[in-house]
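The values are calculated or read from the model by the stated rules, or taken from the named source; none is laboratory data. Note that the structure is predicted; figures quoted are calculated from it, not measured. Cβ coordinates were reconstructed from backbone atoms using ideal geometry, including for glycine residues, and neighbour counts include every protein chain displayed. Surface areas here come from the heavy atoms of the whole protein model, side chains and all, with no ligands, DNA or RNA. Shrake-Rupley method; radii C 1.70, N 1.55, O 1.52, S 1.80 Å.
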Amino acid sequence: MVQALNSAMDVMLARNPDVVIFGEDVGFYGGVFRVTEGLQKKHGDHRVFDAPIAEGGMLGAAVGMGAYGLRPIVEIQFADYIYPATDQLISEAARLRYRSGGEFWAPITVRAPCGGGIFGGQTHSQSVEAIFTHVCGLKTVIPSNPYDAKGLLISAVEDDDPVVFFEPKRLYNGPFDGHPDRPSVPWTQHPQSEVPEGYYSVPLGKAAVVRPGDAVTVLAYGTMVHVALAAAEEAGIDAEVIDLRTLLPLDIDTVVDSVKKTGRCVVAHEATRTCGYGAELTALVQEYCFYHLEAPIVRVTGWDTPYPHIFEWEYFPGPQRVADGMRRALEG
């Protein structure tokens, strides 16, 4: 995943002289997770450079760059630190095209590692995607595998509107099925680790059916895609697992087609439950699929607490909780 994201930025820096990358430690150091490693050496410190620890200033500069005609890629070191940048991102970047009557726009991509699974505690483990899916003018993307990560990031950089691109850090070095007691599995053993070296794109706003099934639909994204797949396999449930990939704009057609087929739906995400993105998914499924539902929609999420350190795996919605959610949907 790290190599795929690095390749996407390398490709776009080479293809488009208007692309620049900046953030905390992304230049000489190559980023805290090494996602930008080698890019400054290859493309120069005027294209890939370090920024002060001032997320609001970084996004404010990016808005000006976008209006001027550049395509900045801004790295927020952890999604937990994006809050100081939300005013510029929401009040300025997301509204620029609207408030200028199309005269200016903000082709900004904001990358941020998100989610838990690395014992980062409350300030290095948050999933904050729901905040940005609430904002008109922003697009929100969360990939689950290297192939999609590269293609979606290229599409994000090419998009003329601001895109918030969350990267589940537990997936950087391999798929994670939600079993922390098992040895880590590298991406090299996964079919979606085969990533072309050159340019390709995965369209924004298009979900993927990663496991066909007829008994129940599971809507997931990021790390939870792999957890849902493990839960279905271990529980022996004929679940259809959908990787949303883009949360906004949402591929509602794929969601509706699946739920109409199965008649049951489980929504799984790592973020806290109340007002999480799953609440919007639940409302949409209820709105579009009411007469096809055979049971209440089930949400499997994190708890309404700060992300704990010592109780990380009690918070994380693992395969057992997802499987229990599927059973509730089947029995409802």
Next on the checklist: Treating only the Cβ of Lys, Arg, Asp and Glu as charged (+1, +1, -1, -1), what charge dipole size does the range 189-332 show about its Cα centre? Round to the nearest 20 debye.
Outcome noted: 240
Checklist entry - For Phe119 and Lys261, what is the calculated FRET efficiency with R₀ set at 35 Å and r taken between the beta-carbons, to the nearest 0.05? => result 0.35
Item to check | Whole-number accessible area per residue in Å² for the chain, which is evaluated in the context of all protein chains at 1.4 Å | outcome: 42
Checklist entry - Ala271's amide H: which non-local residues (gap 5+, or another chain) put their own amide H closer than 5 Å, with H modeled 1.01 Å from N in plane and none for Pro or chain starts? => result Gly302
Next on the checklist: Ordering Tyr288, Tyr98 by accessible area with a probe of 1.4 Å, largest first, what comes out?
Outcome noted: Tyr98, Tyr288
Checklist entry - What is the magnitude of the charge dipole of the range 22-138 about its Cα centre, with +1 placed on the Cβ of each Lys and Arg, -1 on the Cβ of each Asp and Glu, and no other charges, expressed in debye to the nearest 20? => result 380
Checklist outcome for this item: The correct ranking of Leu204, Leu330 by accessible area at 1.4 Å, largest first, is Leu330, Leu204
Next on the checklist: From the phi angles alone, apply the Karplus equation (6.51, -1.76, 1.60; θ = phi - 60°) to the range 170-187 and give each ³J(HN,Hα) in whole Hz, x where the residue is Gly or Pro.
Outcome noted: 5, 9, 4, 10, x, x, 10, 8, x, 9, x, 7, 9, x, 5, 10, x, 5
Checklist entry - Which whole-Hz couplings ³J(HN,Hα) result when phi for each residue of the range 27-41 is put into the Karplus expression 6.51 cos²θ - 1.76 cosθ + 1.60, θ = phi - 60°, listed in order with x for Gly and Pro? => result x, 4, 6, x, x, 5, 9, 6, 6, 9, 4, x, 6, 5, 4
Item to check | Per-residue ³J(HN,Hα) for the range 149-156, Karplus 6.51 cos²θ - 1.76 cosθ + 1.60, θ = phi - 60°, Hz, x for Gly and Pro | outcome: 4, 5, x, 6, 5, 4, 4, 5
Checklist entry - Which residues in the range 242-272 have a backbone N closer than 14 Å to a point placed 7 Å from the Cα of Ala215 along the Cα-to-Cβ line? => result 262-266
Checklist outcome for this item: Length gained, His292-Lys41, 0.36 nm per residue minus C-alpha separation, equals 84.8 nm
Item to check | Rule-of-thumb Rg ratio for the range 138-243 [Cα; 2.2 N^0.38 Å; N residues] | outcome: 1.11
Checklist entry - Taking Cα centroids, how far is the range 33-58 from the range 89-111 in Å? => result 22
Checklist outcome for this item: Hits in the range 100-127: amide N under 20 Å from the 7 Å Cα→Cβ extension of Tyr81, namely 109-127
Checklist entry - Along the positive direction of the dipole of the range 48-204 (beta-carbon charges: Lys, Arg +1; Asp, Glu -1; about the Cα centre), which of Thr140, Ile118, Gly66 reaches farthest? => result Thr140
Next on the checklist: If you restrict to DSSP beta bridges whose two residues both lie in the chain, what percentage is antiparallel, to the nearest 5?
Outcome noted: 15
Checklist entry - Can you give the net charge of the other residues whose Cβ lies under 13 Å from the Cβ of Gly69, counting K and R as +1 and D and E as -1? => result -2
Checklist outcome for this item: Looking only at lysines whose Cα falls under 28 Å of Lys41's and that sit 8 or more positions away or on another chain, we get Lys150, Lys169
Checklist entry - Which percent of the accessible heavy-atom area of the chain goes to carbon and sulfur, probe 1.4 angstrom? => result 53
Next on the checklist: List the aspartates and glutamates whose Cα sits under 13 Å from the Cα of Lys260, skipping any in the same chain fewer than 8 residues away.
Outcome noted: Asp214, Glu240, Glu287, Glu294
Item to check | 5 angstrom amide H check on Arg71, placed H, neighbours 5+ away | outcome: Val19, Val20
Checklist entry - Considering the chain as a Gaussian network with a 10 Å cut-off on Cα pairs, which listed residue, Tyr315, Tyr291, Tyr83, attains the greatest mean-square fluctuation? => result Tyr291
